[in-house]
Amino acid sequence: MLYSILILNKAGGLIYQNEVNPGLNKLSTNDYLVLAGSLHGIHAIGAQLAPNIGDKTVPASVEEFNRNQNSSIMSTFKAQSPNTNRSGLQNIETSLFNLYIFQTVTGLKFMLITAPNPAEHKGELNKQYDMAHELFRQLYMLYSDFVMKDPFYSLDMPIKNPLFDTKVRELVN
Amino acid sequence: MSEDIILPSATSLSKLTIHDTSKTGFGYNPAIGPISNSITSETSSILINKRTITLSSAPSIYERNITNKKPVEINLSSLSFLFCEIVNWTHGQSRGIHDLEMKLNKLGYSIGQRYLELIKLRDGIKLNKRDLKIIDILHFIHGSFWKSIFGKHANELEKSQDVPNEYMIIENMPLLAKFINIPKDYADLNCGAFVAGIIEGALDSAGFYVNVTAHSVPMDGFPLRTVFLMKFDQSCLIRESIH
């Protein structure tokens with residue numbers, strides 16, 4: 001059961017909010033902005049939090065470090081630094097709701113607020129998490145299609161797009 | 001650990017010196033900083049000897065046979081981004097909705113003029129005849145012309161009952177408008193003005209003087225349905241009656 005979809009720009013501003021299913025307490029627009037800003041900050045701090053144990057041995061020279069980095073970029077197509085937690089905060093699970101966060105490489109954040117893990121999924125811890133991530137993928141596709149290809153949309157501004165709304169509703173139902 | 005900028009082309013950024021000029025004469029060396037890109041005798045010889053800069057091994061569009069009958073498909077995503085940028089740019093240049101539509105129409109016009117020639121050439125010169133009647137040319141536009149641009153025929157071709165010189169081509173799913181959302185304060189705008197320009201250009205250069213406009217007429221299940229209204233010049237009707 002999905003309650004709400006939020007999209008944050010890279011500065012942490014709320015640019016899209018859609019209450020797909022009723023069930024959450026009504027929050028005012030201001031409260032949503034505060035929520036978005038706070039979660040953005042927590043996500044950023046979460047990305048800095050990383051245990052220092054199990055650190056790889058320090059390469060002998062800068063050249064060697066760069067060479068290792070380059071080869072790992074070439075093989076995985078991802079920039080990786082061993083000592084940072086790039087994904088940041090990914091989900092919050094409580095007894096009343098679950099919250100999932102997905103950050104794209106451009107810093108855009110998608111958030112889903114759902115009902116807590118249902119009882120029938122007990123023992124399948126990842127089930128709802130996987131579903132959320134599939135939804136994120138679809139949402140990201142809709143965003144790239146119907147928001148980014150719209151000539152009247154300016155980047156990082158609130159999304160007021162009935163076409164996008166329709167597509168999101170079609171996706172969710 | 002120091003976090004140096006990773007530059008894959010060099011082992012270390014700090015090893016680059018002023019004397020490291022790139023072999024082609026182009027590119028950016030951070031040790032030198034910004035340099036002028038002006039054409040010197042050296043770089044111009046490189047540019048002249050290099051015909052095209054090919055990123056892939058496939059032959060470029062200029063090397064293909066122009067009379068190739070196989071449809072050349074392009075990516076809808078890149079087309080949409082290009083069209084989005086066209087509308088955006090035109091929007092910045094124009095003073096109002098009407099002006100914006102005029103400018104889009106003008107951009108499409110020159111495409112229509114060229115595309116008519118191209119299609120007629122591709123159809124083969126021997127088999128081809130020139131359309132003289134309005135209804136013939138409209139069937140051509142609605143059929144094979146539309147198909148070679150958008151990959152399918154237009155949905156309907158209609159004649160106005162009240163006005164003798166008005167015809168309509170109706171498209172239920174305009175390809176270019178698929179991702180475009182018209183804001184509320186631009187209610188009358190239809191980006192199909194660009195396509196209208198293509199039709200106008202093609203008809204004009206075929207000798208049928210016409211004015212084409214695009215109008216949104218949504219229907220159940222087809223929210224983007226567009227009607228291209230064609231108003232032919234009186235001279236075409238007079239010619240039609242003589243034949």
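In the structure shown, the pairs B:LYS120/B:LYS178; B:LYS120/B:LYS147; B:LYS159/B:LYS231; B:LYS69/B:LYS126; B:LYS70/B:LYS120; B:LYS103/B:LYS184 are assessed against 19 Å; a Cα-Cα span above that value is assigned to B:LYS120/B:LYS178; B:LYS103/B:LYS184. Neighbour counting of Cβ atoms within 10 Å sorts the residues B:LYS69, B:LYS178, fewest neighbours leading, into B:LYS69, B:LYS178. Annotation for B:MET173 and A:ASN117: the two label points, set 7 Å from Cα along the Cα-Cβ direction, are 4.2 nm apart.
Each peptide among A:166-172, B:181-187, A:6-12 gets the average number of other Cβ atoms lying within 10 Å of its residues, and from highest to lowest they stand as A:6-12, A:166-172, B:181-187. Normalising the average separation of contacting C-alpha pairs (under 8 angstrom, six or more residues apart) by the number of residues puts the relative contact order of the range A:98-173 at 21 percent. Residues of the range B:227-243 falling in the label zone of B:ASP136, defined by backbone nitrogen less than 20 Å from a point 7 Å along Cα to beta-carbon, are B:232-243. Neighbouring Cβ atoms from other chains, within 10 Å of the Cβ of residues in B:179-188, number 5 on average. Loop-located trypsin sites (Lys or Arg not before Pro) across the range B:103-169 with a Cβ neighbour count of 16 or fewer within 10 Å are B:LYS126, B:LYS129, B:ARG130, B:LYS133, B:LYS152, with loop assigned by DSSP.
Rule-based calculations on the coordinates, nothing more; no lab input. Being a predicted model, the structure only gives us computed values, none of them experimental. Neighbour counts are summed over all protein chains in view; Cβ atoms, including those assigned to glycine, are modelled from backbone coordinates with ideal geometry.
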